[in-house]
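Take a look at the structure set out below.
The values are calculated or read from the model by the stated rules, or taken from the named source; none is laboratory data. Note that the structure is predicted; figures quoted are calculated from it, not measured. Positions of Cβ are generated from backbone atoms using ideal geometry, with glycine treated the same way; all protein chains shown enter the neighbour counts. Just so you know, the surface numbers come from the protein's heavy atoms only, side chains and all, with ligands and any DNA or RNA stripped out. Shrake-Rupley method; radii C 1.70, N 1.55, O 1.52, S 1.80 Å.
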Amino acid sequence: MDTMERSSTAETDLGDGLDDAADRADVAEARHQLRKAIGLQIKVQRTAKEMTRVQLAAAIPMNLKTLQRIETGATSPQMDQLYDICRVLDLLPSELIGPAEKKVGIKFGQ
């Protein structure tokens, strides 16, 4: 394969980059919205159990600032943290994630 063919193939494989950038921006926004929705569900469930952030953080145990960042959607909970939050709030992970998926409108695999 000569240089001209390799260049053409690479351009075809990579595209012009604009669609890829738009897709990455869409994915980043969807992740952000899902993070916020999961955080909101944690807050809703916590307040329904009449727990303060301080009480939940102490029961996990988790740094209060970390819990605050999760509830506001500034960061995602790690799997262990999500498990611990659910354990303390007496929930299944799907009870947090399901409503968040619906709110964001995630439709993977459909």
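A few notes on this one:
- Hits in the stretch 16-67 (condition: open to solvent by 40 Å² or more (accessible area, probe 1.4 Å), more than 16 Å from residue 89 (Cα to Cα) and outside any helix (DSSP H, G or I)): 16, 63
- Hits in the stretch 80-92 (condition: part of a helix (DSSP H, G or I) and either closer than 16 Å to residue 49 by Cβ or out of contact with any helix residue (DSSP H, G or I) (no Cβ under 9 Å at 6 or more places or on another chain) (or both)): 80, 84, 85, 86, 87, 88, 89
- Residue within the stretch 72-84 that is open to solvent by 20 Å² or more (accessible area, probe 1.4 Å), polar (S, T, N, Q) and either in contact with a Lys or Arg (Cβ under 7 Å, 6 or more places away or on another chain) or in contact (Cβ under 8 Å) with a residue 40 or more places away in the chain (or both) present: yes
- Residue match in the stretch 98-105 (condition: under 20 Å from residue 51 (Cβ atoms) and either in a helix (DSSP H, G or I) or touching a helix residue (DSSP H, G or I) at 6+ places or on another chain (Cβ under 6 Å) (or both)): yes
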